[in-house]
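Just so it is clear, none of the values below were taken in a lab; they were calculated from the coordinates. All figures in this text were calculated on a predicted structure; none of them were measured in a lab. Cβ coordinates were reconstructed from backbone atoms using ideal geometry, including for glycine residues, and neighbour counts include every protein chain displayed.
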Amino acid sequence: NFSNIRLEVLENNSSGKIILNEAEVNSTNSNIGFAGYILLNASNSIEISNSQLLADGNQGRIGMGKSEELGETFSPQNVTITDSSSLSTTNSFVTDENLQDEPINAGDITIDANENILLSNDSRIRASTRRLGDAGNVSLNAGNNITLQNENIIEGNRNFIESSTSSQGDAGNVTLTA
């Protein structure tokens, strides 16, 4: 049916970190089957810099931290997404002409951190639909702060979190909880 990409540092490793720097992690499916999940979890921190995570296809998801639905039981202290990094779920890769009338939903993006979530320097979190089907939901939950910070705002760079549609379908919800 579908597969998962899982990067995890065990919960009992208190100094555990996942660092993605200039990395690309993709899970795609161009047919009606489910796209895979991209799951990241560490006890201390997840740091994503100048990297792209993409789940493209039928309900491909990106998850970081605690999630009953994705089977994760703990969260990192902090999640940092910086330097033009992008986390995206979409259904644009499903191009089979026989599926034009089939709704293919994009997946959700969930990030849970015990302390802080930081987006900086032109970083983006986006769930979108570009064909028949709904966009996914975006949910960020932090024990302390969720911060969108930009040092280059004069040059037109900006951070954003969105769920959008550019076709036939509904945008999802964006939920920020701190």
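At-a-glance table
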{"read-out": "Under 14 Å, Cβ to Cβ, from residue 20 - net charge with Lys/Arg +1 and Asp/Glu -1", "value": "-3"}
{"read-out": "At most 16 other Cβ within 10 Å, DSSP loop - chymotrypsin sites (Phe, Trp or Tyr not before Pro), segment 1-110", "value": "2, 74"}
{"read-out": "Those residues of segment 115-139 whose amide nitrogen sits under 14 Å from the label point placed on residue 147, 7 Å along Cα→Cβ", "value": "115-121"}
{"read-out": "Semi-axes of the equivalent ellipsoid for the chain, Cα gyration tensor, largest first, Å", "value": "26, 19, 14"}
